[in-house]
Amino acid sequence: MPVLVVVGVQWGDEGKGKIIDLLSEKADMIVRYQGGNNAGHTVVIGSEQFILHLIPSGILHPGKLCVIGNGVVINPVALFEEIEKLESRGIEVGNRLRIADNAHLILPYHTFMDEEKEILRGEKGIGTTRRGIGPAYSDKAGRIGVRVVDLFEEDILYERLKSVFLEKREFLERRFDLEAIFKECLVWAEKINKYVTRTDLLIDKAIEDGEYVLFEGAQGTLLDIDHGTYPFVTSSNATAGGVCTGTGVAPTKIDRVIGVAKAYTTRVGAGPFPTELKTEMAEAVRIKGREYGATTGRPRRCGWFDVVGVRYVVRINGIKTLVITKLDVLNDLETIDICVGYRYKGRIIDEFPHSLKILQECEPIYETLPGWKSEISSTASFDDLPEAAKRYLGRLEELTNTEIGLISVGAERNQTIILDETLTMS
Ligand code: GDP
Ligand code: IMO
Ligand code: MG
């Protein structure tokens, strides 16, 4: 049984939730390894829509075990809310969720600091989701974070909070009360206890027993703290490498990495985006693709597929198979552009630059293909796709040096064309 990682290959919101849900049918265990409730993964089942933030998107399949690994930062209030919401909709969570005892917590002051910092940065802000992600990971790296396991060790917890209050006194004084946060932590300890375990051991055993383990990436590789468009990134490793640090699973145990790509590109928040469209076309795609953030509701910036970015991401993650989503959103277009290179100061660049300045000044070089101008959202097989759509997909495969394993033509589970049967077989 495979050990499979699913990552986003652009700036997030590629449709990972839908794909994870689809693959979960055959999986035994679904694991989140990084990020927090900045993620918003949408799953549509008939007339019902679910948006998962912290809980793995496999939860909608009865009986599957869902794990939140140590690399995830957990806001306990958001977690309990999400569990309650799902349970109120008839989804059983209680016995199917496991949380790493060494995951770090997002505490109320992290959310507050995220907001304050964004306000202070004004127009130069990153456009974070304001969920406290950056400040929580900063404290983790700064060794003043609070882990889940610390909730059960009152002396350690109290001392840790004391050092946080000492280090951040300008920010926290008069706004937060140490005693009140300490008491709140003790309440959380009771509520979270039943989910907490050594998830590193749990996942390892599942792999050793030959179970199908699916790792669910959040955000996208171009938002990765190391490999993304820094500083316009999130604060975790969204790449496949994040699985090892974010769960304690060894790299030699991973069989395969699948990349999820939208048939075009979107970005929410600030930062460079070479193929961004500022024309009516962007608005048309935004409306048809319902490109509004699943977590914050912000309109997403829209643009063409960027081969330079995706090729870079394919290499970093070791992706051989791509899933292309939202192909149906391009149905009405006369022509479709693919960015095949960048022009920078008269030179042609085909490697994604790390320099923010260069990336901001790069001009995309486009190859233009004809659109298919027809409805494909109920197409069930590749052969039935219009020739122009096949040509577009074929060109994406050639240019990114990958094979397309799944094509999504609508938000629902059955609006999927399966090319690589191994992905949906048990
Ligand atoms: P994620 O963060 O990668 O899970 O993606 P989001 O859930 O934030 O955004 C993807 C959006 O596109 C959601 O509203 C999905 O329901 C929707 N979606 C996913 N696949 C398709 C598709 O193939 N076609 C269309 N039209 N919508 C899709
Ligand atoms: P999913 O998992 C799209 C973006 C924010 C901002 C930057 C930093 O649904 O694909 P943060 O709050 O993480 O400090 O914000 O990252 N961002 C996302 N964009 N999809 C996401 O998650 C994102 N999570 C964070 O908009 O630009
Ligand atoms: Mg999303």
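Along each of its three principal axes, how wide is the spread of alpha-carbon positions in segment 296-362, in whole angstrom units, largest first?
35, 31, 28
So for segment 241-365, what are the equivalent ellipsoid semi-axes in whole Å, largest first, each being the square root of 5 times an eigenvalue of the Cα gyration tensor? Mind dumping the intermediate values first?
Details: eigenvalues 137, 84, 44 Å².
Semi-axes from the Cα gyration tensor: 26, 20, 15 Å.
ASN95: net charge of surrounding residues, Cβ under 14 Å, Lys/Arg +1, Asp/Glu -1, itself excluded?
Result for the local shell: +2.
Send over a whole-number figure in Å² for the accessible area per residue of segment 41-98, probe 1.4 Å. Don't jump to the answer; show the numbers that get you there.
Working: 2140 Å² over 58 residues.
Ligands and nucleic acids excluded, the figure is 37 Å² per residue.
So how much slack lies between GLU87 and LYS373, counting 0.36 nm per residue of separation and subtracting their Cα-Cα distance, in nm? The partial results should precede the final answer.
Details: separation 286, 0.36 × 286 = 102.96 nm, distance 4.21 nm.
Gain on extension, GLU87 to LYS373, equals 98.8 nm.
How charged is the neighbourhood of THR295? Take every other residue with its Cβ under 10 Å from the Cβ of THR295, and add Lys/Arg as +1 and Asp/Glu as -1.
Once positives and negatives cancel, what remains is +2.
Any idea what the alpha-carbon Rg over 2.2 N^0.38 Å comes to for segment 34-76? Walk me through the intermediate numbers first.
On the way: Rg = 11.2 Å, N = 43, 2.2 N^0.38 = 9.2 Å.
Cα-based Rg divided by the globular estimate yields 1.21.
One quarter of the convex hull surface, Cα atoms only: what value does that give for the chain in nm²? Please report the intermediate quantities before stating the final value.
Values: hull surface 80.9 nm².
For the Cα atoms of the chain, the hull's average projected area reads 20.2 nm².
Helix 108-121 sits at what angle to the longest principal axis of the chain, using alpha carbons and giving 0 to 90 degrees rounded to 10?
In the chain, helix 108-121 runs at an angle near 50 degrees to the longest axis.
Run the numbers on the chain and let me know its relative contact order in percent, using alpha-carbon pairs under 8 Å that are six or more apart. Intermediate values should be presented prior to the final figure.
Working: 916 pairs, mean separation 86.0, N = 426.
Relative contact order for the chain comes out at 20 percent.
In nm, what is the difference between 0.36 nm times the number of residues separating ASP332 and ILE45 and their Cα-Cα distance? Spell out each step's value before the answer.
Working: separation 287, 0.36 × 287 = 103.32 nm, distance 2.53 nm.
Residue separation times 0.36 nm, minus the Cα-Cα distance, leaves 100.8 nm.
In debye to the nearest 20, how big a dipole does the chain give about its Cα centre with +1 on each Lys and Arg Cβ and -1 on each Asp and Glu Cβ?
Working: 52 positive and 63 negative charges, 148 e Å.
For the chain, the charge dipole is close to 720 debye.
For THR252 and HIS354, what is the calculated FRET efficiency with R₀ set at 22 Å and r taken between the beta-carbons, to the nearest 0.05? Provide the component values of the computation, followed by the final result.
Working: r = 28 Å, r/R0 = 1.29.
Plugging the Cβ-Cβ distance into 1/(1 + (r/R0)^6) gives 0.20.
Report the Stokes-Einstein translational diffusion coefficient (µm² s⁻¹, integer) for segment 104-261, Rh taken as the Kirkwood radius over Cα pairs, at 37 °C with viscosity 0.692 mPa s. Mind dumping the intermediate values first?
Working: Rh = 17.8 Å.
Roughly 185 µm²/s, to the nearest whole number.
Taking the Cα centre of segment 21-118 as origin and charging only Cβ (+1 Lys, Arg; -1 Asp, Glu), how large is the dipole, in debye to the nearest 20? It would help to have the intermediate numbers written out before the result.
Numbers: 8 positive and 14 negative charges, 70 e Å.
Using Cβ point charges on Lys, Arg, Asp and Glu, segment 21-118 gives about 340 debye.
Tell me the angle of helix 154-167 to the major Cα principal axis of the chain, expressed in degrees between 0 and 90 and rounded to the nearest ten.
With both axes taken from Cα atoms, the answer is about 70 degrees.
Quick check: at a probe of 1.4 Å, how many percent of the accessible area of segment 201-242 sits on carbon and sulfur atoms?
Working: 740 of 1400 Å².
The nonpolar share, carbon plus sulfur, comes to 53 percent.
Who wins for biggest fluctuation among VAL93, VAL164, VAL67 in a Gaussian network model of the chain, springs between alpha carbons below 10 Å?
It is VAL164.
Tell me, what % of the accessible area of segment 1-53 is carbon and sulfur with a 1.4 angstrom probe? Display every interim value, and only then the final one.
Values: 570 of 1220 Å².
Accessible surface attributable to carbon and sulfur in segment 1-53 totals 46 percent.
The values are calculated or read from the model by the stated rules, or taken from the named source; none is laboratory data. These numbers come from a predicted model, not from an experiment. Every residue, glycine as well, gets a Cβ built from its backbone with ideal geometry; the counts of neighbours run over all protein chains shown. Please note that ligands, DNA and RNA were not included when accessible areas were found on the heavy atoms of the full protein model with its side chains. Shrake-Rupley method; radii C 1.70, N 1.55, O 1.52, S 1.80 Å.
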